[in-house]
Amino acid sequence: MADATRRAIDLYGGAVARVPGGVTVRDSSKLRSPATDRVVWQSVFGEGDDREAARWLLWELGQVTGARPASIHDLYIARGRGEIGGFTVPAINVRVLAYDTARAVFRAAKAGKAGAIILEIARSEIAYTEQRPAEYVSVIIGAALREGYTLPLFIQGDHCQVNPKKYQADPEGEVGEVKKLIAEEIGAGFYNIDVDTSTLVDLSHDSLAEQQRLNYERAAEITQFIREQDPDGITTSVGAEIGEVGMKNSTVEELHAFMRGYNDTLAETGGGTGISKISVQTGTSHGGVVLADGSMADVKLDLEALAALSRAARGDYGLAGAVQHGASTLPSNAFGNFPRIETAEIHLATNFQNLVLDHPRLPTELRERLRAWVSDNAAGERKGGDTEEQFYYKARKKAIGPFKREMWSLPDDMRVAISADLERIFGFLFEQLNVNGTADHVNRFIQAPMQHHAALRPVLVAAADDPDAGE
């Protein structure tokens, strides 16, 4: 791999040099040049040693500059102690045009001095966007380098979810697949993991404790597994979930039933650090609800329940608070409510995908081929009674992976226009969520120890093609 590493470093034209244990940067301005574009491209579309060398180089450059993968755990626990608050962390699912999208995030973050920002990808998204964890981390680091963003990077495994049907058929096998994926993610630099065993909640039981039992027992088991994977000096931030998104709304009583069972189970199986946040359901759904004409239905978000759940999570268990999924398609005037009621984190995904796929600069011919591909290859996404617009809206995400290289290869002017519109949306959201200025909180509470890689670590590749997994 030595020759491949030398070729990757040479892309910077002498501005970067190999030193024992890593690299040194002689001219940081070159990191903000098209040289980084070429290294990131190689990390995604290269092959063999050239691809691995590009990923190694991006990792090491991140270590040198400060754009290092980190855990948000200590910041969240500080919030649980009441030392900080008044903001809601956006967890942004980067699906399509990943490099350009992440660059737009970091430009908006730099402009507002925002540091409490998560970039994430769900189990199902890994499959249909064709982004394994090592690639995803490389792209995020590369985008930070390109934009001169030097704060810690909070990269998250969203919805590491147990599939209930597969669990019924083979409980240990399905949990084992989730654990393998988590090991791969942490090995690549995902130091924030959302464990989602809420699919195992059984509402047929009379007591809340029994309804939540499988959820909290498996969540505690997976938390213990994560602690075994923690790198030296890092406590991976772990989240759990008590209500499946799109299903019945969560209650404070359910939160107590889960947390008591989870904490007791964790103590019985060896103790260790538990979760730092908890996801709840208060009226949203992934991707929103699309009407027959392709427009979006209004969302009835229960802000009072969300506020009560956050208060209980902080006051009774020292967590950062509650997490709201499925928020990107909410109306623009809704986002200011989240920091007002002290929501810890919200997850945002589909609207950014929509902006790219519906952008006026996207070539008409490409739009037509995307639609034709979805019609030919994603028919299984069609539900009875769906109109053509409903089907295409819900299924077009499946084309992101097959069209990834073509999307990345769009002319510069098109990508710049799309990225500028993304940046405006991110800037608006960061302002509404009150995360501008949180760079100070990150600098105060977050330690991101340097970790040098002799080469990317081999990992067990888990299945990530579950169409029913949350996102």
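The values are calculated or read from the model by the stated rules, or taken from the named source; none is laboratory data. Being a predicted model, the structure only gives us computed values, none of them experimental. Cβ sites come from the backbone with ideal geometry, for glycine too, and all protein chains shown count toward neighbours.
Overview of values
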item: Pick from the stretch 51-78, criterion charged (D, E, K, R) and out of contact with any Ser or Thr (no Cβ under 9 Å at 6 or more places or on another chain), ranking: farthest from G13 (Cα to Cα); result: R68
item: Test for R132: is it closer than 25 Å to R51 by Cβ, in contact with a helix residue (DSSP H, G or I) (Cβ under 6 Å, 6 or more places away or on another chain) and charged (D, E, K, R); result: no
item: Out of V461, V435, V442, sole residue that is touching a helix residue (DSSP H, G or I) at 6+ places or on another chain (Cβ under 7 Å) and either under 23 Å from Q63 (Cβ atoms) or at pLDDT 90 or above (or both); result: V442
item: Restricting the stretch 116-134 to residues that are part of a loop (DSSP other than H, G, I, E, B) and among the β-branched types (V, I, T), the residue that is farthest from A344 (Cα to Cα); result: T129
item: Given (1) at negative phi; (2) surrounded by fewer than 24 Cβ atoms within 10 Å (Cβ to Cβ), index of the condition K113 fails; result: (1)
item: Residue in the stretch 58-78 that is surrounded by 24 or more Cβ atoms within 10 Å (Cβ to Cβ) and more than 21 Å from Y191 (Cβ to Cβ) present; result: no
item: Residue satisfying all of: in the stretch 372-429; in contact with a strand residue (DSSP E or B) (Cβ under 8 Å, 6 or more places away or on another chain) and surrounded by 17 or more Cβ atoms within 10 Å (Cβ to Cβ); farthest from A327 (Cα to Cα) among these; result: Q390
item: Residue check, G384 small (G, A, S), out of contact with any Ser or Thr (no Cβ under 7 Å at 6 or more places or on another chain) and touching a residue at least 40 places away in the same chain (Cβ under 8 Å); result: no
item: The stretch 199-219 - residue that is part of a helix (DSSP H, G or I), out of contact with any Gly (no Cβ under 8 Å at 6 or more places or on another chain) and aliphatic (A, V, I, L, M) and, of those, surrounded by the most Cβ atoms within 10 Å (Cβ to Cβ); result: A219
item: Residues located in the stretch 225-244, provided they are within 21 Å of the chain's Cα centre (by Cα), surrounded by fewer than 23 Cβ atoms within 10 Å (Cβ to Cβ) and of a type outside the set (D, E); result: F225, R227, Q229, P231, I234, T235
item: Hits in the stretch 363-400 (condition: more than 20 Å from V105 (Cα to Cα), in a loop (DSSP other than H, G, I, E, B) and modelled with pLDDT of 95 or more); result: P363
item: Residue that is touching a Lys or Arg at 6+ places or on another chain (Cβ under 6 Å) and within 26 Å of D421 (Cα to Cα), where the choices are V374, V356; result: V374
item: Matching residues, the stretch 329-360, being surrounded by 15 or more Cβ atoms within 10 Å (Cβ to Cβ) and assigned to a loop (DSSP other than H, G, I, E, B); result: T329, L330, F335, I341, E342, T343, A344, A349, H359
item: Residues of the stretch 247-261 classified as touching a Gly at 6+ places or on another chain (Cβ under 7 Å) and closer than 21 Å to Q156 by Cβ, total; result: 1
item: Selection within the stretch 141-194 - of a type in the set (S, T, Y) and in a loop (DSSP other than H, G, I, E, B); result: Y149, T150, Y191
